[in-house]
1. For residue 84, indicate whether it is assigned to a loop (DSSP other than H, G, I, E, B) and under 15 Å from residue 55 (Cβ atoms).
2. So the check is Cβ under 9 Å with 6+ separation or different chains; which pairs have a first residue in region 88-110 that's over 20 Å from residue 53 (Cβ atoms) and not assigned by TED's automatic domain parsing to the domain that holds residue 125 and a second one that's among the β-branched types (Val, Ile, Thr) and in a helix (DSSP H, G or I)?
3. Do we find that residue 87 is closer than 21 Å to residue 40 by Cα and surrounded by fewer than 14 Cβ atoms within 10 Å (Cβ to Cβ) in this structure?
4. Quick one: which of 100, 95 is in a loop (DSSP other than H, G, I, E, B), farther than 21 Å from residue 33 by Cβ and either of a type outside the set (S, T, N, Q) or at pLDDT 95 or above (or both)?
5. Out of the residues in region 68-105 that are over 23 Å from residue 127 (Cα atoms) and among the acidic types (Asp, Glu), which is nearest to the chain's Cα centre (by Cα)?
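The values are calculated or read from the model by the stated rules, or taken from the named source; none is laboratory data. In this text, all values refer to a predicted model and were calculated from it rather than measured experimentally. So basically every Cβ, Gly included, is an ideal-geometry build from the backbone, and we count neighbours across all protein chains shown.
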Amino acid sequence: MLLLKELPTSKSLQRFLLRYPDADISAISDFVNLLRAASDISVALDKLLAQHHLLQGRWWVLVLLMREETQTSSPSDLAEKAGVTKATMTGFIDGLEREGLVLRLMDNDDRRKFLIRMTPAGQQKLDEVMPDYYRKVHALMSQLNQPDRDIMINSLKLLASRLDVMK
């Protein structure tokens with residue numbers, strides 16, 4: 001992921017406007033600020049997880065498995081829920097398996113397939129990470145009062161529902 005460290009200045013946006021007169025520089029400025037905030041939040045999450053010797057993708061796999069009643073899922077379901085390719089998910093699973101945090105099991109219904117199950121060590125890893133995660137997310141989100149959070153979430157949902165305009 002490319003992280004935009006330097007936001008455009010009003011002077012640089014004005015130069016864009018001279019070249020692209022139809023540009024709404026206010027919308028562009030707001031958009032890059034949104035991207036920057038999302039990138040910074042993702043980097044902060046990476047740093048928090050790194051303190052627990054986890055990468056974000058592997059952490060999400062453990063979280064997705066914990067959501068399952070049996071703590072078991074197929075790799076393809078995990079990939080779909082995480083929004084990654086099957087190949088990317090295979091990499092996450094390989095790393096988690098090497099660390100003893102998940103097991104690959106044969107699917108009893110179709111022996112050509114396998115399932116992924118979180119191990120007790122995987123659950124222990126989450127039990128170590130999640131209290132720290134919850135504390136730090138609370139500290140971050142408490143910077144906004146509930147009405148402001150509601151506005152933010154509704155605004156983000158509206159933007160997400162209109163991503164078709166970016167195609």
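1. Answer is yes for this residue.
2. Pairs found: none.
3. no
4. 100
5. Looking at residues that are over 23 Å from residue 127 (Cα atoms) and among the acidic types (Asp, Glu), I get 80.
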